[in-house]
1. Could you count how many residues in the range 136-184 are of a type in the set (Val, Ile, Thr) and surrounded by fewer than 19 Cβ atoms within 10 Å (Cβ to Cβ)?
2. How do the pairs read when you match residues in the range 201-221 that are more than 12 Å from Ala55 (Cβ to Cβ) and of a type in the set (Ser, Thr, Tyr) with residues anywhere that are open to solvent by less than 40 Å² (accessible area, probe 1.4 Å) and assigned to a helix (DSSP H, G or I), using Cβ under 7 Å and keeping only pairs 6 or more apart or on different chains?
3. What's the number of the only condition in (1) more than 23 Å from Trp286 (Cα to Cα); (2) in a helix (DSSP H, G or I) that Arg443 fails to meet?
4. Restrict the check to the range 283-291 and report whether at least one residue is farther than 27 Å from Ala96 by Cβ, at pLDDT 90 or above and open to solvent by less than 50 Å² (accessible area, probe 1.4 Å).
5. Return the total of residues in the range 80-121 being at pLDDT 85 or above, open to solvent by 10 Å² or more (accessible area, probe 1.4 Å) and within 12 Å of Ala145 (Cα to Cα).
6. With (1) under 19 Å from the mean Cα position of the chain (by Cα); (2) within 30 Å of Gly204 (Cα to Cα) as the list, and Ile319 as the residue in question, which single condition is left unmet?
7. With respect to the numbered conditions (1) of a type outside the set (Lys, Arg); (2) modelled with pLDDT of 80 or more; (3) farther than 26 Å from Ser297 by Cα; (4) part of a helix (DSSP H, G or I), which one is the sole condition not fulfilled by Val73?
8. Restricting to the range 395-424, give me the number of residues that are more than 21 Å from the chain's Cα centre (by Cα), closer than 30 Å to Met101 by Cβ and open to solvent by less than 20 Å² (accessible area, probe 1.4 Å).
Amino acid sequence: MPVDETRTLSPEPSTAHTPRTAPDKRTLDAQSARKKAPAYSVWLVRLMVVGLVLAALNLRPAITSLGPLLEEVRKGLGMSGTVAGLLTSVPSVCFAVFGIMAPRLARRFGPASIVCAGMTAIAAGLFLRPFLGGTPGFLVASALALVGIAVSNILLPAIVKQWFPDKVSTMTGLYSMALAIGTSLAALSTVPLTKALGGSWQTGLAVWGILGALALCVWLPLAVKHGRDRKAATARAEAETPEVEALESAASVPAPGLRMVKSRTAWALACFFGLQATAAYITMGWMPQIFRDAGISAGTSGILLALTMAMGIPLAFVIPRVATRLTHQGPVVLVLGLCGLTGYAGLYLAPAGGAWAWALLLGVSNCAFPLALTMIGLRAKSHQGVVKLSAFAQSIGYLISIPGPLLIGVLHDASGGWGLPIALMAALMLPQMVVGVLAGRNRTIEKELAA
């Protein structure tokens, strides 16, 4: 996937017919500068900004709209606690299995086309899942929506790197903030919307498909435009001179040859991503039920989850900016981890008495997600490298996170309370802090693998 598909390289007049075995540094710098500077029109860049925001808004409502209504869904579909735990693990399964396919699909069809297809899957899955009847249909439609989320999760950091190479932290903060808004909005308003629409949990869940349809309206023209640009870029590439191809090859990072499995940094980042995802999906799936079992109403439990998710709105801008200014992101990892440990301790000791404080602290801790996205961008030089690192870290990470939400349901059914599940949550925070410090070291995967 080329860095800039709307541009071609033009040989300098003095060298166009002179064979050269290795370009000098000045030529390489010029080639690199031309690659980094986007050539997109102003309206297209603005449309991409809107598309990024709308796509990010759709990346969590499929999950957080379910938490406040999980008890009603369980009763309506006849789910046990273990099956409900399986339901909260479905996101991680889909993200792990289908996320690894995103780079190959992006190379074949272009990232904009794949994100467009992802928005289609999200909208269709959310519209269908409440009305297919029975647990299997609910799971299948949920999986459809989550497949769309999976591929979009992987490709959005790469799209930011490609379209906004000089504003990675700002744009990462923008779509992380939009993601947090979508997450908290679904948690906050699902119960009131359900009551306003007649009290049916089916309608309360299906209404979030409208947000996916709105995003599709923006990504469809982006996908069409990008498809045309890819065809034009292919035609230009076929007409390039052999010397320009040599210059382009020498000036670029051979991202397709990068083997993530040999990078310690990639593994550390994958483990960090997986453990923070485990904490996030346990929180989104089970925290409202913990509060409800402590005597807090369904509406208030939804508001508490919304508070937890809403902490990502301001911190999504702050954390990437702070992280990019530090040579080592380990201190940020430790601060977020300590907030999580404090929140879990409070949730164990006084779930109702200090509910607002625990929700706030866990919300701060869950901002490890924008930090992980920022570190993905910092640990690779090119957007091709970011695609490979993002796919590896997120796919392996979500694979790691699969057992967590399921184990919470099993432990709750076995013990009859929330003591053991909360102890497991706190225990998982410790290795998250360790691997986060390792992933935050100042290095890139290209240099690490070259060494």
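1. Within the range 136-184, the subset of a type in the set (Val, Ile, Thr) is 140, 147, 149, 151, 154, 159-160, 168, 170, 172, 181, 183.
In the following step, the residues that additionally are surrounded by fewer than 19 Cβ atoms within 10 Å (Cβ to Cβ) were identified as 140, 170.
Count: 2.
2. Here the result reads Thr203/Thr194, each pair linking the range 201-221 to a residue that is open to solvent by less than 40 Å² (accessible area, probe 1.4 Å) and assigned to a helix (DSSP H, G or I).
3. All conditions are met except number (2).
4. Just the residues of the range 283-291 that are farther than 27 Å from Ala96 by Cβ, to begin with: 291.
Filter once more, keeping what is at pLDDT 90 or above: 291.
Retained after the next criterion (residues that are open to solvent by less than 50 Å² (accessible area, probe 1.4 Å)): 291.
Within the range 283-291 (the criterion being farther than 27 Å from Ala96 by Cβ, at pLDDT 90 or above and open to solvent by less than 50 Å² (accessible area, probe 1.4 Å)), the answer is yes, since at least one residue qualifies.
5. Adding up the residues that qualify gives 3.
6. Single failed check for Ile319: (2).
7. Val73 satisfies all of (1) of a type outside the set (Lys, Arg); (2) modelled with pLDDT of 80 or more; (3) farther than 26 Å from Ser297 by Cα; (4) part of a helix (DSSP H, G or I) except (3).
8. Counting residues in the range 395-424 that are more than 21 Å from the chain's Cα centre (by Cα), closer than 30 Å to Met101 by Cβ and open to solvent by less than 20 Å² (accessible area, probe 1.4 Å) gives 2.
The values are calculated or read from the model by the stated rules, or taken from the named source; none is laboratory data. A quick note: this is a predicted structure, and the numbers were derived from the prediction, not measured. Positions of Cβ are backbone-derived with ideal geometry, glycine not excepted, and every protein chain shown enters the neighbour counts. The area values use the complete protein model at the heavy-atom level, side chains included, leaving out ligands, DNA and RNA. Shrake-Rupley method; radii C 1.70, N 1.55, O 1.52, S 1.80 Å.
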